[in-house]
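Everything below concerns the one structure shown next.
The values are calculated or read from the model by the stated rules, or taken from the named source; none is laboratory data. Keep in mind that what you see is a predicted model, and the values were worked out from it rather than measured. Counting neighbours? That spans all protein chains shown, and the Cβs are built from the backbone with ideal geometry, glycine included. Surface accessibility is based on the protein's heavy atoms, side chains included, excluding ligands, DNA and RNA. Shrake-Rupley method; radii C 1.70, N 1.55, O 1.52, S 1.80 Å.
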Amino acid sequence: MMQLNLRGATAIGLVLGALSLAPAFAQDAAKITIVLPEEPPSLEPCDAKHSSIGRVVIRNITEPLTMLDPQSGEVVPMLATEWQQVDADTWRFKLRQGVTFSDGTPFDAKAVIAAFKRLDRTDVVCNTKQQTMGGVDLTVTEIDPHEVEITSSKPSPILPTMITVVQMSAPSMDMNGASRQPVGTGPYKFQSWQPGQQITLARRDDYWGDAPVITDASFVWRSESAVRAAMVAQGEADVALIIAETDATDPKMDYAYPNGETTRLRIATNVPPLNDVRVRKALNMALDLDALKPIVGDEVTRAEQLVPQNTDGFDAGLKPYPYDPAGARALLDEARAEGVPVDTQIDIIGRDGIYVGAAEMLQAMQAMWAEVGLNVNIRMFDTGNWLRYQNRPFPEPDAPLLGQDQHDNLLGDASFTLFNKYHSNGVNSMLWDDQVDQLIIKGENATGAERTQAFQQAFRRIHDDLAADIFMYHMVGYTRVGPRIDWKPTIATNSEIAISEMKLAK
Amino acid sequence: MAIFRRSFLTLVSLLVLLILVFFLSRLTGDPSYLFLPVNATPEARAAFAQANGFDQPLVTQFITYVQNMLTGDFGTSLRQQRPAIDIALEAFPITLKLAGVTLAIAIAGALVMGSLAAWKPRGLVDRTVGLTSLAGASAPDFWVAITLVLIFSVSLGILPTSGMGGIAYWILPVIVLGLRPFGLLVQVVRGAMIAALSSPYVKTARAKGASETRVIFVHALRNSMLPVITVAGDIAASLMNGAVIVETIFGWPGIGGVMINAILQRDFAVIQATILVTAIAILILNIVVDLLYGVLDPRVRAA
């Protein structure tokens, strides 16, 4: 039967070959195709923090004033060449000269002002500002055509980091809806968008920096990881972004890389029995998380804090809770003896597909908790309903809940995580601890070593003293890169793909 | 008179559908959770609701929706920030093409194979067809699609994995999508043909010396077409709703995927626009099917 099928398939192949129906797999030398998991909703620069938009736009079409070096995590010049702090609320940035937008408009102070104004749009969803700048308002004024002053509504010691997310879009871009034809200063210009099918970019001849090797790039999208991986294997695409570990089967093409995401279960620390630190520690100690790694990817590493390495405030000295079921049982017995309702059912608010293996991971954890006598129930939600449990006001505020969560911090500073996730007033926080609050605020207002230490102390208290989360993993992503190009994904790859960094393989 | 009655009923069903979709889609929850960042403040959520009119009572929202629709404004997609009707009208022709080609091939294949199966029940053709239709009906689309991609694209390298383009790009999606309709239709054709082949007019035709091919494909088949048209109409309606799995895997941006994503993303205007477009198409399809009955069976025409 198998033989027949193969013979049949070969026959079809011969016929197709003869009729020249098979697609042209070989691509022009310097043209590449990148296959993404989803079509971007728009290419609006003010919403470039939306990763599906950022992947196409950031550092291809538009560029920021400053950028984070993915290797070192440091802020480096982009369209601003140097900067200095004038006072607590004010910074000055010197602009790169001789830069033009792809429509010919010069890049100058007026363009910077217009780009920051675009960030304040309220007629469309513009998440960049809200997501990364909290309640800080920025005002840009022109010093001269090549220098601007940025004033923040409250002291911002890391302003150069904050503005790495602000894309410099051309002042000529209209404000009618979310842009689908962005104009920027980047090495590529927007060429075409066939809705549902592909977006194409073309190299600019008048780019201010080094001319990239790749001349044309097409972005296509397939939601199935297996199909994305097959497209690269087949030569139809050169990069398949974010494939499942199970599809990353070819060591020559598949790269595993830390993707900046950290996973945890957030504990409702104010509700019995979870308001007892012994119960929270027992929840952590009952899990053999090293044994569960293969569910999400062998290359993941244990997490003790919600930010990845290279983040200012990351404490390398923290050690994960050991797998110690006997110790967990002892802690639970002690709490039970003191009247803590340890046997109450605890519910996990899970989200289907939040990461690969998300549901299986919860089931394995549930079984391990059952071993130490904890009664944990799993409730799975779609994204929309799961998100309700993420934010204040929390539904079911009196229920002992564990919230499945994955958080990314690619901005290199713990302040983008700590306040929202752990401060008593943080919109996603289920922790109310004065000491943590003080450390967060102290760190946010400080610079240098003082800032780092305050954040490290906050993470240490959250992990060692309070066991405020069920700490899980620093995650990895898998991306397949075809043999035609020489390029390796980095921690930034899931949210930006700088085509100018790609070379042709020799 | 019948046409007026029919048009009136069509309009009523459309209106009922619009009301149902409008209110049911809003039961999925507050879209601000999906469109604003996780750390959005309650004030930002309130501003989002106000900007999009979600702070108004549902009935007011519905009246505004109907009023706008009468002026050709079907609302704006929250996700793409462009007219929802544009999104629906871009996706629908893709679904229509894929569904049309698949159905045409499935019907043609089913007529030939079903007739041959009925000609010699329990013969080789009949058994093979039976097995194929059973396999087609039971194998999950998802698995079949990925398996075919792995065999024909990755291992043999003779067909593209996915995407839209020339004939080669149609082969795998049409096979995967057509398996189930073919399996269903071939059984219908076979059943109807077995009944037809034992009927008096076939015996008469044979007695008059008509060739077996003529007996099968001219006399019996034409009379077996009514149930085939009925079933094909049902299949066409379901294909027009979008073959979500096939469209998703093969990267055909049809209306099914748009509709499902809109539901998951609580993009109400797009849910409404896509359902409206498919509903109108299905209503037109029903009229076509009724007309075909009339062509095939004079008794229906008379009624």
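When you go through (1) on the phi > 0 side of the Ramachandran plot; (2) modelled with pLDDT under 85 one by one for B:Glu212, which number turns out not to apply?
It fails just one condition, (1).
Can you give me the ranges of the strands (runs of 3 or more DSSP E) entirely in the range A:80-172 with at least 3 residues that are surrounded by fewer than 19 Cβ atoms within 10 Å (Cβ to Cβ), of a type outside the set (Gly, Ala, Ser) and free of Cβ contacts under 8 Å to residues at least 40 places away in the same chain?
A:80-87, A:138-144
Sort through A:Ala359, A:Ala367 and tell me the only one that's open to solvent by less than 60 Å² (accessible area, probe 1.4 Å), within 14 Å of A:Arg264 (Cα to Cα), free of Cβ contacts under 8 Å to residues at least 60 places away in the same chain and part of a helix (DSSP H, G or I). It would help to see each step written out before you state the result.
Numbers: A:Ala367 fails: within 14 Å of A:Arg264 (Cα to Cα).
Within the list A:Ala359, A:Ala367, the selection yields A:Ala359.
Is it the case that the range B:220-242 has a residue that's of a type outside the set (Ser, Thr, Tyr) and within 13 Å of chain A (Cβ to nearest Cβ)?
At the first step, the residues of the range B:220-242 found to be of a type outside the set (Ser, Thr, Tyr) are B:220-223, B:225-229, B:231-237, B:239-242.
Filter again for within 13 Å of chain A (Cβ to nearest Cβ), leaving B:242.
The answer is yes; a qualifying residue exists.
Among A:Ser102, A:Ser51, which is of a type in the set (Ser, Thr, Tyr), within 23 Å of the chain's Cα centre (by Cα) and either closer than 23 Å to A:Asp205 by Cα or not assigned by TED's automatic domain parsing to the domain that holds A:Asp216 (or both)?
Exactly one residue qualifies, and that residue is A:Ser51.
Quick one: which residue in A:Val140, A:Val99, A:Val112, A:Val148 is within 23 Å of A:Glu44 (Cα to Cα), more than 14 Å from chain B (Cβ to nearest Cβ) and touching a helix residue (DSSP H, G or I) at 6+ places or on another chain (Cβ under 6 Å)? Spell out the reasoning first.
Numbers: A:Val99 fails: touching a helix residue (DSSP H, G or I) at 6+ places or on another chain (Cβ under 6 Å); A:Val112 fails: touching a helix residue (DSSP H, G or I) at 6+ places or on another chain (Cβ under 6 Å); A:Val148 fails: within 23 Å of A:Glu44 (Cα to Cα).
Residue meeting the stated conditions: A:Val140.
With respect to A:Glu224, determine if the residue is crowded, with 22+ Cβ neighbours inside 10 Å and among the charged types (D, E, K, R).
Spelling it out, A:Glu224 is indeed crowded, with 22+ Cβ neighbours inside 10 Å and among the charged types (D, E, K, R).
Residue by residue, here is whether (1) of a type outside the set (S, T, N, Q); (2) more than 14 Å from B:Leu111 (Cα to Cα); (3) loosely packed, with under 15 Cβ neighbours inside 10 Å holds:
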site: B:Arg180; (1), (2), (3): yes, yes, no
site: B:Gln187; (1), (2), (3): no, no, no
site: B:Ala196; (1), (2), (3): yes, no, no
site: B:Lys203; (1), (2), (3): yes, yes, yes
site: B:Arg206; (1), (2), (3): yes, yes, no
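For the list (1) within 14 Å of chain B (Cβ to nearest Cβ); (2) at pLDDT 95 or above, I need the number of the one condition that A:Phe416 fails.
Unmet for A:Phe416, out of (1) within 14 Å of chain B (Cβ to nearest Cβ); (2) at pLDDT 95 or above: (2).
Out of the range A:383-421, which residues are among the acidic types (Asp, Glu) and either part of a loop (DSSP other than H, G, I, E, B) or more than 19 Å from the chain's Cα centre (by Cα) (or both)?
Within the range A:383-421, A:Glu396, A:Asp398 meet the criteria.
Which of the residues that make up the range B:1-26 are open to solvent by less than 60 Å² (accessible area, probe 1.4 Å), under 30 Å from A:Asp47 (Cβ atoms) and not charged (D, E, K, R)?
B:Val21, B:Phe22, B:Ser25
Can you work out which of the residues in the range A:181-197 that are open to solvent by 50 Å² or more (accessible area, probe 1.4 Å) and either under 21 Å from A:Ala30 (Cβ atoms) or in contact with a Phe, Trp or Tyr (Cβ under 8 Å, 6 or more places away or on another chain) (or both) is nearest to the other protein chains (Cβ to nearest Cβ)?
The extreme case among them is A:Gln181.
Does the range B:262-274 contain any residue that is away from chain A (no Cβ under 14 Å), outside any loop (DSSP other than H, G, I, E, B) and in contact (Cβ under 8 Å) with a residue 12 or more places away in the chain? Break it down into steps so the answer makes sense when it comes.
Step one: filter the range B:262-274 for residues away from chain A (no Cβ under 14 Å), giving B:272-273.
If we keep only those that are outside any loop (DSSP other than H, G, I, E, B) too, we end up with B:272-273.
Keeping just the survivors that are in contact (Cβ under 8 Å) with a residue 12 or more places away in the chain gives B:272-273.
Within the range B:262-274, one or more residues are away from chain A (no Cβ under 14 Å), outside any loop (DSSP other than H, G, I, E, B) and in contact (Cβ under 8 Å) with a residue 12 or more places away in the chain.
Quick check: anything in the range B:135-147 over 29 Å from the mean Cα position of the chain (by Cα), surrounded by fewer than 19 Cβ atoms within 10 Å (Cβ to Cβ) and not in a helix (DSSP H, G or I)?
Checked against the condition, which is being over 29 Å from the mean Cα position of the chain (by Cα), surrounded by fewer than 19 Cβ atoms within 10 Å (Cβ to Cβ) and not in a helix (DSSP H, G or I), the range B:135-147 yields no hits at all.
Starting from the range B:200-211, keep only residues that are among the charged types (D, E, K, R), then list their pairs with residues that are outside any helix (DSSP H, G or I) and at pLDDT 85 or above whose Cβ atoms are within a distance under 8 Å, requiring at least 6 positions of separation or different chains.
none
Any chance you could count how many residues in the range A:394-403 are away from every other protein chain (no Cβ under 12 Å) and closer than 24 Å to A:Gly313 by Cβ?
Qualifying residue count for the region: 0.
Filter the range B:62-106 down to residues that are more than 14 Å from every other protein chain (Cβ to nearest Cβ), aliphatic (A, V, I, L, M) and buried (at least 21 other Cβ atoms within 10 Å of the Cβ) and give me whichever is nearest to B:Ile245 (Cα to Cα).
Across the range B:62-106, the extreme among qualifying residues is B:Ala99.
For the range B:151-160, how many residues meet the condition of being facing chain A (nearest Cβ under 7 Å) and either in contact (Cβ under 8 Å) with a residue 24 or more places away in the chain or open to solvent by 40 Å² or more (accessible area, probe 1.4 Å) (or both)?
Count: 3.
Residues being open to solvent by 50 Å² or more (accessible area, probe 1.4 Å), assigned to a loop (DSSP other than H, G, I, E, B) and in contact with a helix residue (DSSP H, G or I) (Cβ under 6 Å, 6 or more places away or on another chain): count how many of those fall in the range A:422-469.
Residues meeting the conditions: 0.
Inside the range A:38-53, can you point out the residues that are part of a helix (DSSP H, G or I), in contact with a helix residue (DSSP H, G or I) (Cβ under 9 Å, 6 or more places away or on another chain) and either open to solvent by less than 10 Å² (accessible area, probe 1.4 Å) or not charged (D, E, K, R) (or both)?
A:Pro45, A:Cys46, A:Ile53
Which condition does A:Gly350 not pass, out of (1) open to solvent by 50 Å² or more (accessible area, probe 1.4 Å); (2) small (Gly, Ala, Ser); (3) under 29 Å from the mean Cα position of the chain (by Cα), if it passes all the others?
The single condition A:Gly350 does not satisfy is (1).
Filter the range B:27-52 down to the residues that are under 26 Å from B:Val277 (Cα atoms), open to solvent by 20 Å² or more (accessible area, probe 1.4 Å) and either assigned to a loop (DSSP other than H, G, I, E, B) or at pLDDT 90 or above (or both) and list them by number.
B:Leu27, B:Thr28, B:Gly29, B:Asp30, B:Asn52
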